[in-house]
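A.B. asks: Provided herewith is a single structure, encoded as C-alpha cells, for subsequent inquiry.
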C-alpha cells in the first residue's frame, strides 16, 4: 500500500472514530476540573465572536495526541486552544444562547494532515449556514456543509474526508469521503 494511501486511511480512521473516543476519554481523565468554569453570557453572534477573540490559538501537544476536542470550559478557563477548542466553545455558547441554531462541529481532514481544520457550523434564519472559524464569524452564504468544506480545503490542500460531530457527545453525525 503506498504511503499516501496509508496516511489517508489513518486520517479517515482518526476522524471517523479515533478522535471522538480519545477526546471523550481525555475529557473524563484530564479536564473534569474545568466543568465548574462559568462560561460568558452571550446574546448575539457578535458576543460569541467577542468571547472567542479572548482565546489564543495554540496547537495541541503530545498529551492531547496532537488532536483532542476539549470541553468548552477548558478552552475558556485556559484562554487558549486549537481550532477544535474554538469550535467546541462556539457551539456551546450558541446552544446556550439559541439552541435552534443547531451547531455542529465540522472537520475537514486534508493533506497535508497538519492543515486539517475544525469549525463550528450553525443554521441561520435565512436558511443558509454560518460558521465560526477560530475567532472569526463567517457569513458567506453557504447553503451546505460541503460548501464550507470546499472553503477549508482550498489553496492546494487535498480533501481526504470530512465529518460532522455532535458538540455535546462528540459522536459522528455524518462522515464523507470525496
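The values are calculated or read from the model by the stated rules, or taken from the named source; none is laboratory data. What you are looking at is a predicted structure, and each value in this text was computed from that prediction instead of being measured. No Cβ is skipped: glycine too gets one built from the backbone with ideal geometry, and neighbour counts run over all protein chains shown.
A.B. asks: Kindly list the number of the only condition in (1) surrounded by fewer than 21 Cβ atoms within 10 Å (Cβ to Cβ); (2) not in a strand (DSSP E or B) that fails for residue 91.
C.D. replies: (1)
A.B. asks: Could I ask something else about it? Just checking, does the range 120-131 include any residue being closer than 20 Å to residue 22 by Cα, in contact with a helix residue (DSSP H, G or I) (Cβ under 9 Å, 6 or more places away or on another chain) and surrounded by fewer than 21 Cβ atoms within 10 Å (Cβ to Cβ)? Can you show your working first?
C.D. replies: So in the range 120-131, the residues closer than 20 Å to residue 22 by Cα come out as 120.
After this cut, where a residue has to be in contact with a helix residue (DSSP H, G or I) (Cβ under 9 Å, 6 or more places away or on another chain) as well, the list is 120.
Next, only the ones that are surrounded by fewer than 21 Cβ atoms within 10 Å (Cβ to Cβ) stay: none.
No, the range 120-131 contains no residue that is closer than 20 Å to residue 22 by Cα, in contact with a helix residue (DSSP H, G or I) (Cβ under 9 Å, 6 or more places away or on another chain) and surrounded by fewer than 21 Cβ atoms within 10 Å (Cβ to Cβ).
A.B. asks: Here's something else I'd like to know. Would you pick out the residues in the range 34-76 that are part of a helix (DSSP H, G or I), loosely packed, with under 14 Cβ neighbours inside 10 Å and either touching a strand residue (DSSP E or B) at 6+ places or on another chain (Cβ under 6 Å) or at pLDDT 95 or above (or both)? Outline the logic, then answer.
C.D. replies: Taking the range 34-76 as the starting set, the residues that turn out to be part of a helix (DSSP H, G or I) are 34-36, 45-52, 62-64, 72-76.
Those left that are additionally loosely packed, with under 14 Cβ neighbours inside 10 Å: 35-36, 46, 62-63.
Listed by number, the residues that qualify are 35, 36, 46.
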